Amino acid sequence: MKITYTGHAGLFIETNDVNILCDPWKFENPAFFGTWSVYPKNDSVDWERIIQKTDIVFVTHVHRDHFDSKFLTELLNKNKDVKVLVPDFRFCTLLDDFKELGFENFLIKEVTIGKTQIVSYPSETIDREREDSCLCVDDGKYTFLNFNDSAVTPEHKESIFSRFGKIDWAA
């Protein structure tokens, strides 16, 4: 498994079976009425390579510093085969936001491709305006937990350890 940091909460996870892009946000697309930008700039990231290699995009939640609609539209326009993994939220405005951009190929909650298991864990917290989530990726050798700013509940931990036995890396 190879993990590349793309800026802010963004990660590009490559396994032998599948490539997953998490929370992409490009510097030239400021969020929150133009008041937030990726820092440090991520203009040196090879976005074209990532766009072409992405099999699955995963966005943890709808905040615009995680859901960069301009970039996601670019991704879909250049990579028509991309799939979206969406957590099994009770109220999934995230799914609606992806549909509004034109995405149609959705995976819900989890998927296994080859030896790689990818599982999303929804998190509902009272201090957030909307739901959040984390992602666990196991390629048969390593287990990575991408929980960025979401809560990992005791139930998540129990599920992860019963399924995978360990967490090798977390971010």
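The values are calculated or read from the model by the stated rules, or taken from the named source; none is laboratory data. Remember, it's a predicted structure, so these values are computed and weren't measured experimentally. Backbone-built Cβ (ideal geometry, glycine too); neighbour counts: all protein chains shown. Calculation scope for accessible area: heavy atoms of the full protein, side chains included, ligands and nucleic acids excluded. Shrake-Rupley method; radii C 1.70, N 1.55, O 1.52, S 1.80 Å.
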Summing +1 per Lys or Arg and -1 per Asp or Glu among the other residues with Cβ less than 14 Å from residue 15's Cβ gives -2
From the cross-link list 80/109; 83/115; 99/141; 53/141; 26/83; 78/115, which pairs have alpha carbons spaced over 29 Å apart?
99/141
5 angstrom amide H check on residue 143, placed H, neighbours 5+ away:
168, 169
Estimated inter-spin distance, residue 100 and residue 32, nm [label 7 Å along Cα→Cβ]:
1.9
Suppose each label sits 7 Å from its Cα in the direction of the beta carbon; what would the residue 115-residue 4 distance come out to in nanometres?
2.2
Sorting 169, 25 on solvent-accessible surface, 1.4 Å probe, most exposed first, gives 169, 25
Give, in nm to one decimal, the length gained when the segment between residue 41 and residue 157 is fully stretched (0.36 nm per residue of separation minus the Cα-Cα distance).
38.4 nm
Please find the FRET efficiency linking residue 93 to residue 70, where r is the Cβ-Cβ separation and R0 is fixed at 22 Å, and quote it to the nearest 0.05.
0.75
Below 8 Å between Cα atoms, with a sequence gap of 6+, how large is the relative contact order for the stretch 48-171 in percent?
18
Taking a probe of 1.4 Å and leaving out DNA, RNA and ligands, the stretch 1-79 shows per residue an accessible area in Å² of 45
Starting from the exponent 0.38 and prefactor 2.2 Å, build the expected Rg for the chain from its residue count and divide its actual Cα Rg by it.
0.97
Among beta bridges assigned by DSSP with both residues in the chain, the antiparallel ones amount in percent, to the nearest 5, to 70
Ranking 12, 164 from most to least accessible area with a 1.4 Å probe gives 164, 12
Leaving ligands, DNA and RNA out of it, report the carbon-plus-sulfur percent of the accessible area of the chain at a 1.4 Å probe.
50
